[in-house]
Amino acid sequence: MQNIINAFLLVYAALFPIVNPIGSAPLFLRMTRGRSTAERSALALSVARNSFFLLLGSLFIGSHVLEFFGITLPVVRVAGGMVVAAFGWQLLHAPEMPDADRSKVDTTAPSIDAFYPLTMPLTVGPGSMSVAMTLGSQRPTPFNDFAQLAILGGSAIAGLAAIALTIFVSYRFADRIIAFLGKRGTDVVMRLSAFILFCIGIQIIWNGCSALLGKAA
């Protein structure tokens, strides 16, 4: 039982800070502006489901895919960090539309893809994927103890499910969070979240470059 709890907490605690669904909630609401509550709820559910399967694949087969193509984790961090940084920079400098123009754009806006960019890179980026891959690479080999592998695998899946549930709740009730903050507070939080997202991308790039330079030295 102790191993199950430890594995669950390890997965959840390692992924929650970098996934940061609460901090991404204002960005989610901004990108789904003009959608009805039902549409936003459906998008939140789709993002949570996509995030779960994306992290699940990264956890269990991500390291094997990287080994097959000869790609190392530092390279994934560098390339993925560029994507996250570019996305954060775009949101940081996105203009705030007046209410009159906003209503016109919202009524004719095309349907939003729940996978890109809402799931990736906004919610599950290369940083969280590399963390999941790293956690998966630490699993015991099935030839040593199959029972232990099954227990740890089930606990890891439960941790991912808890992350997905947190994403859904944060995104589903993002409007209430925004209502509590107000218009000005929402804009401040949105800009701050975009800046933090940009900084996360730079940090991911730096971590990848440091690992590559360490290997080269």
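A few notes on this one:
- Set side by side, the residues SER36, SER58 differ, and just one is closer than 19 Å to ILE163 by Cβ and not aliphatic (A, V, I, L, M), which is SER58.
- Looking across the range 63-74 at every residue that is buried (at least 16 other Cβ atoms within 10 Å of the Cβ) and within 13 Å of ALA211 (Cα to Cα), the one that is modelled with the highest pLDDT is identified as PRO74.
- Some residue of the range 39-60 being touching an Asp or Glu at 6+ places or on another chain (Cβ under 9 Å), crowded, with 16+ Cβ neighbours inside 10 Å and in contact (Cβ under 8 Å) with a residue 12 or more places away in the chain: yes
- Every pair of residues 6+ apart whose Cβ atoms lie under 7 Å, when the first sits in the range 185-213 and is farther than 16 Å from GLN90 by Cα while the second is aliphatic (A, V, I, L, M) and assigned to a helix (DSSP H, G or I): THR186/ILE178; ILE204/VAL84; ILE205/VAL78; ILE205/MET82; ILE205/ALA85; GLY208/VAL75; GLY208/VAL78; CYS209/VAL78
- Counting the residues of the range 14-38 that are modelled with pLDDT of 85 or more and loosely packed, with under 14 Cβ neighbours inside 10 Å gives 3.
The values are calculated or read from the model by the stated rules, or taken from the named source; none is laboratory data. Worth saying up front: this structure is predicted, and the values here are computed from it rather than measured. Neighbour counts are summed over all protein chains in view; Cβ atoms, including those assigned to glycine, are modelled from backbone coordinates with ideal geometry.
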